Each structure stands twice: as structure tokens, then as C-alpha cells.
1. Would it be correct to say that V189 is among the aliphatic types (A, V, I, L, M) and under 11 Å from the mean Cα position of the chain (by Cα)?
2. Of a type in the set (G, A, S) and closer than 23 Å to E210 by Cβ: which single residue out of G178, G122 fits that description?
3. Taking only the stretch 166-204 into account, find how many residues are open to solvent by 20 Å² or more (accessible area, probe 1.4 Å), aliphatic (A, V, I, L, M) and farther than 22 Å from T136 by Cα.
4. Could you list, in sequence order, all residues of the stretch 78-104 that are closer than 12 Å to R183 by Cα and crowded, with 17+ Cβ neighbours inside 10 Å?
5. Please go through (1) open to solvent by 50 Å² or more (accessible area, probe 1.4 Å); (2) assigned to a helix (DSSP H, G or I) for L214 and return the number of the only condition it doesn't satisfy.
6. Kindly indicate whether A184 is more than 20 Å from L214 (Cβ to Cβ), at pLDDT 95 or above and not hydroxyl-bearing (S, T, Y).
7. Hey, among the residues in the stretch 18-41 that are surrounded by fewer than 18 Cβ atoms within 10 Å (Cβ to Cβ) and in contact with a Leu (Cβ under 9 Å, 6 or more places away or on another chain), which one's nearest to Y224 (Cα to Cα)?
8. Give me the pairs, please: first residue somewhere in the stretch 179-191 and assigned to a helix (DSSP H, G or I), second residue anywhere and among the hydroxyl-bearing types (S, T, Y), beta-carbon distance under 8 Å, and either six or more positions apart or on two chains.
Amino acid sequence: ADAGPRLQGAPLVFTPTAQGFGLSVALEVGDPSRLQARVRAVGTDVWERPIPPRIPAPDLAEWTFDGLAPGARHEYAVVEGDGEAVLYEGSAITQRPAGEPFTFALIADSHIGTDPLFGNQGDWETLMAGSAEVATADPDLVIHLGDMLDFHTVGFNDPPPDGSWTRTAYLNYRTLLGATTARAAHFPVIGNWEGENGTYTEAQIAWSREQRWLYVPAPDPETYPEGGSPDEDYYAFTWGDALFV
């Protein structure tokens, strides 16, 4: 019997603006076209009409919510079909206006690979425990400062053999972050271990870059007035009274 779609890890909130936010869902099994998502402001009873996803990859569903109030937390629900089966409920905060206080979290050097149990790389238990602490603190944002991934299994800072390695590592990374990314918008910054090192060939870099675009989406040049890179590997944005670069 068809058990329906099953999520892999929690949803990932990304690129929040004053009017909305993005939402990415990875599926362990199932057809992403069967999913819909709906949103409402916290404290209200009525959901907006569910909307179908974009499907950037066979295991991904992605939404952009718009027309929301700034500096406010909004609940979302990922549902199957007509909405009776709720697969996940989370929330996100839209961009804080000037003068509003907020909290944010920083993560660095998680070094997660295709095999989280491989010894000579990041500690998956540390990432899970740290992410649980972040979730308890309930920040607006979580920013990863680089070296999300690690491919020590193929050599010391050698490129992964192809993009499927990067895809698996990003899925492991997202899963190990637990529920954090379902409530705190995720902002990634790459280091020299994500498979995009400048000493690699352009083809090797492209394998990993394309997987990063899919599995940890980030601001592009149009997201914020402060601008950014077409490759989503640098950007800036304002949150409350803070400028993040």
C-alpha cells in the first residue's frame, strides 16, 4: 500500500524578507507534487489557501510565502493532498524592522559528510546536541559560518567524485540539524570543505554548487537591497538594527 510522502528531517526556512519567507522540504520517500503548504499569522485561526510547491529536484518541495506582515511570526503547515494529512507544522519570523530586538545563533565547522559515523570529520552527535540547544533558545536566525560539509572519506580536502556525494552530505547535514531549521531561518556560508574549493576544476565546483543551491538555498542578488552573488555564496541583509554581511 502507498504510505504517502515521508519527510527527511525537518523543513528548512530560508531567505526571510519583510513580506515573506521560503520553505524547503526534503522527502525520504514519496512524490513532492502531492504536497501543499499553508501559512497563517500566529494568533489567528484561519489558514491561507494551501499552495502547491515548486519541485527543484525529485526529492524536494519548495514554497515562497508572500504578502505577510513584517517582524511577525507566522505558522506554516506542510500537508498532503487536500490538507487532511499534516506532515509538519513549524513557523518563521519575517524580517525585523529597525529598532526591534532579536536573537540569532551561529554554527561553524560542522564538517558533515556522506557517512556521519566516519571518524576523521565533524562529530554528528555534537551537531545534534548543539542544534537542540539552538532550538530551545528559539532564535530568529541560524547562520552557518562555513565548512558545513566534509569529504575526508575521499582524501584531505579532495573534491567529491560527483554531485551525488554532495547531495547526500547536505541531506545528512539538514537531518542532523533537527527541528532548528523549521523555526529559525537558515543562512549558509561556505568554506573550503563544501566541494567548491577554488583549486578544483570548474566542473568539480559545479557538481557541489548545484547541490548547495538545491538543498541549502540562500539569498541571491535580488533577495535583499544589500545585494549578493548569483552563486548565493556571499550576500548581506539587515535584521532589526543589525547589518549582516
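The values are calculated or read from the model by the stated rules, or taken from the named source; none is laboratory data. Computed from a prediction, not measured in an experiment: that's the story for all the values here. Methodologically, a virtual Cβ is constructed for each residue, glycine included, from the backbone with ideal geometry; neighbour enumeration extends over all protein chains shown. With ligands, DNA and RNA removed, areas are computed over all heavy atoms of the protein, side chains included. Shrake-Rupley method; radii C 1.70, N 1.55, O 1.52, S 1.80 Å.
1. Details: among the aliphatic types (A, V, I, L, M): yes; under 11 Å from the mean Cα position of the chain (by Cα): no.
Spelling it out, it is not the case that V189 is among the aliphatic types (A, V, I, L, M) and under 11 Å from the mean Cα position of the chain (by Cα).
2. Exactly one residue qualifies, and that residue is G122.
3. Summing the residues that are open to solvent by 20 Å² or more (accessible area, probe 1.4 Å), aliphatic (A, V, I, L, M) and farther than 22 Å from T136 by Cα in the stretch 166-204 gives 3.
4. Hits for the stretch 78-104 are Y88, G90, S91, A92, I93, T94, F104.
5. (1)
6. Details: more than 20 Å from L214 (Cβ to Cβ): yes; at pLDDT 95 or above: yes; not hydroxyl-bearing (S, T, Y): yes.
In short, yes.
7. So the residue we want is A18.
8. T180/S131; A182/Y88; A182/S91
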